[in-house]
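The values are calculated or read from the model by the stated rules, or taken from the named source; none is laboratory data. Note that the coordinates shown come from a computational prediction; the quantities given were computed from them, not determined experimentally. Note that each Cβ is placed from the backbone with ideal geometry, even for glycine, and that neighbours are counted across all protein chains shown.
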Amino acid sequence: MTPRADSIVVSEKGLADKYSVSYGDMIQFAAAVNMRNCVSGPHISFVTGRPDATAAAPDGLIPEALTRWTA
């Protein structure tokens, strides 16, 4: 990770711990707020209740940025 990404992770972890919410909820909340802060950004509903992961997700679940899709 970059130093900037590291600082974001530390900030979000601290807030999640302070307010007793899961890290998944904190990530989703931060994403919803940041989307709304964009000009003409959409309103994204936020619902709490995500449990913290107990293991890393398997590789390949999220496509790479340069993945080409065919119909």
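Among the residues of the stretch 24-40, count how many are hydrophobic (A, V, I, L, M, F, W, C), without any contact (Cβ under 8 Å) to a residue 12 or more places away in the chain and surrounded by 10 or more Cβ atoms within 10 Å (Cβ to Cβ).
Count: 2.
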| task | Return the pairs, sorted by first residue and then second, in which the second residue is assigned to a loop (DSSP other than H, G, I, E, B) and not acidic (Asp, Glu), the first residue lies in the stretch 41-56 and is in contact (Cβ under 8 Å) with a residue 24 or more places away in the chain and surrounded by 10 or more Cβ atoms within 10 Å (Cβ to Cβ), the beta carbons are less than 6 Å apart, and the residues are 6+ apart or on different chains. | result | 50/22; 52/22
| request: Filter the stretch 27-61 for residues that are charged (D, E, K, R) and part of a loop (DSSP other than H, G, I, E, B) and give the result. | output: 50, 52, 59
| Positions within the stretch 6-26 being assigned to a helix (DSSP H, G or I), modelled with pLDDT of 90 or more and aliphatic (A, V, I, L, M), in sequence order | 15, 16, 26
